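Okay, structure first, notes after.
The values are calculated or read from the model by the stated rules, or taken from the named source; none is laboratory data. These numbers were taken from a predicted model, which means no experiment stands behind them. Ideal geometry is used to build each Cβ from the backbone, glycine not excepted, and the neighbour counts take in all protein chains shown.
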């Protein structure tokens, strides 16, 4: 449970964080205008970015890139250096935020260490790290595909967001389609596909009143760094043991749904417990919403059954990436004993070690740390902590509550215990994954994953029966088209 040190965490951003994010915002404004003709203000923003990194290992490269771009020379290596500099500032803010949170939680965390071949693995914190975007590992293994990504991202940088039209937004479609066919590059493909879809929906961007400049710059910079040499996550290690589930974070968009499951892994042999995640994802259409999205992930009944039935899982030789992500294989897992997530949170969460954060994941918006709170009250969209917990108000992030589960804002408001994720969006927020509440004088528990095997609320079951099985209908129509 959070202790009184949380008050210091909630009091404000770490020293220097606002200044660093201000430099990032200046770069984002310059990117929005485009680098074809860099004006005085944009040139100043690039120079300021380089100045902040002057004493770092990448300072010389970023400074050279800022000068070249300001002078009208926009090369791939210059854009990569600027994207790396932007990522370094975001990473510094991320590290400061996460370090303070870890201290408040009493949470230990593995560090990240580069290996001799340029790939990186967790372990002892090194004296220096390879710069983001540094192509020291040699030519990318996926050649022309990554070249195509960089070409498109360079064109976006040259014209700026205000210069994007339907033709430019869609010019990456062929490259993205080819990327999707390569499993190692699927993450990059999905990222670029999402950016292209947002740009198409907003085109012509010049007519927009306000730009999501920070979001688009985040996607652009991450895409460009990933396109330098392909995957960065390093090799996986096989792990075995008991997986105790804490909760599921469900992301639902028009064309994709993902359920990211957070849990505690108790390794075979009695080693230290570890915080881990695993994800299931599926393509969808915008007519598949709410509880129906779970049926798209029905090929993983063992994991979905554990979510819905609240039991542990015994996993055998499951690949674990250095950043704490299990590469899920249903055939390497078996249902275990009943395991209430709230019991897991009370007993096992505080002692579990957190994974190292991969370099390209070091960004404030990617912070999603499992926590457990109880003995609070809810008012005005915030959790009001008791004096023993610092007596501060922690805002709730209710916009992330999925439509495919029983957890509602009303249940959160009536709750007194919560398993959630600590997030940062200019301030700390608590995203509920599960709550315990009292409704009509009866104790109630609700989890995001309770409907993973189908809804249990009679009203929802009735509504779904009346509407019909949208997933089954679409699959039947798709099969009919393929047979023609």
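Residue 43 fulfils the conditions (1) under 29 Å from the mean Cα position of the chain (by Cα); (2) part of a helix (DSSP H, G or I); (3) touching a residue at least 24 places away in the same chain (Cβ under 8 Å) except for a single criterion, (1).
A single entry from 254, 259, 283 fulfils the requirement of being in contact with a strand residue (DSSP E or B) (Cβ under 8 Å, 6 or more places away or on another chain), at pLDDT below 85 and over 18 Å from residue 316 (Cβ atoms): 283. The residues of segment 147-177 that are farther than 30 Å from residue 39 by Cα and loosely packed, with under 15 Cβ neighbours inside 10 Å, listed by number, are 173, 174, 177. Of the helices (runs of 4 or more DSSP H) entirely within segment 158-225, those holding at least 1 residues that are modelled with pLDDT under 95, under 17 Å from the mean Cα position of the chain (by Cα) and closer than 20 Å to residue 258 by Cβ occupy 186-202. Scanning for something modelled with pLDDT under 85, surrounded by fewer than 16 Cβ atoms within 10 Å (Cβ to Cβ) and touching a helix residue (DSSP H, G or I) at 6+ places or on another chain (Cβ under 8 Å), does segment 400-421 turn up at least one residue? No, that holds for no residue.
Each row is one residue, and each column tells you yes or no for (1) within 16 Å of residue 292 (Cα to Cα); (2) modelled with pLDDT of 70 or more; (3) outside the structural domain of residue 260 (by TED's automatic domain parsing).
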{"site": "433", "(1), (2), (3)": "no, yes, no"}
{"site": "442", "(1), (2), (3)": "no, yes, no"}
{"site": "450", "(1), (2), (3)": "yes, yes, no"}
{"site": "481", "(1), (2), (3)": "no, no, no"}
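Scanning segment 336-362 for residues that are out of contact with any strand residue (DSSP E or B) (no Cβ under 7 Å at 6 or more places or on another chain) and more than 30 Å from residue 81 (Cβ to Cβ) returns 340, 343, 347, 350, 351. With a requirement of 2 or more residues that are buried (at least 16 other Cβ atoms within 10 Å of the Cβ) and either touching a helix residue (DSSP H, G or I) at 6+ places or on another chain (Cβ under 7 Å) or in the same structural domain as residue 80 (by TED's automatic domain parsing) (or both), the strands (runs of 3 or more DSSP E) lying completely within segment 267-377 that satisfy it span 274-283, 311-320, 369-374.
Taken over segment 421-446, residues that are touching a residue at least 60 places away in the same chain (Cβ under 8 Å), within 21 Å of the chain's Cα centre (by Cα) and farther than 17 Å from residue 364 by Cα amount to 2.
A single entry from 98, 10, 2, 21 fulfils the requirement of being touching a strand residue (DSSP E or B) at 6+ places or on another chain (Cβ under 9 Å), surrounded by 14 or more Cβ atoms within 10 Å (Cβ to Cβ), closer than 27 Å to residue 371 by Cα and at pLDDT 95 or above: 98. The single condition among (1) buried (at least 18 other Cβ atoms within 10 Å of the Cβ); (2) assigned by TED's automatic domain parsing to the domain that holds residue 112; (3) in contact (Cβ under 8 Å) with a residue 24 or more places away in the chain that residue 244 does not meet is (2). Quick check, is residue 394 assigned by TED's automatic domain parsing to the domain that holds residue 428, more than 17 Å from the chain's Cα centre (by Cα), surrounded by 17 or more Cβ atoms within 10 Å (Cβ to Cβ) and over 29 Å from residue 454 (Cβ atoms)? The answer is yes for residue 394.
The residues of segment 214-230 that are surrounded by fewer than 17 Cβ atoms within 10 Å (Cβ to Cβ) and either in contact with a helix residue (DSSP H, G or I) (Cβ under 7 Å, 6 or more places away or on another chain) or assigned by TED's automatic domain parsing to the domain that holds residue 252 (or both) amount to a single one, 214. Filtered by the rule that a residue be out of contact with any helix residue (DSSP H, G or I) (no Cβ under 6 Å at 6 or more places or on another chain) and either surrounded by fewer than 19 Cβ atoms within 10 Å (Cβ to Cβ) or within 22 Å of residue 406 (Cβ to Cβ) (or both), segment 253-265 gives 253, 254, 255, 256, 258, 259, 260, 261, 262, 263.
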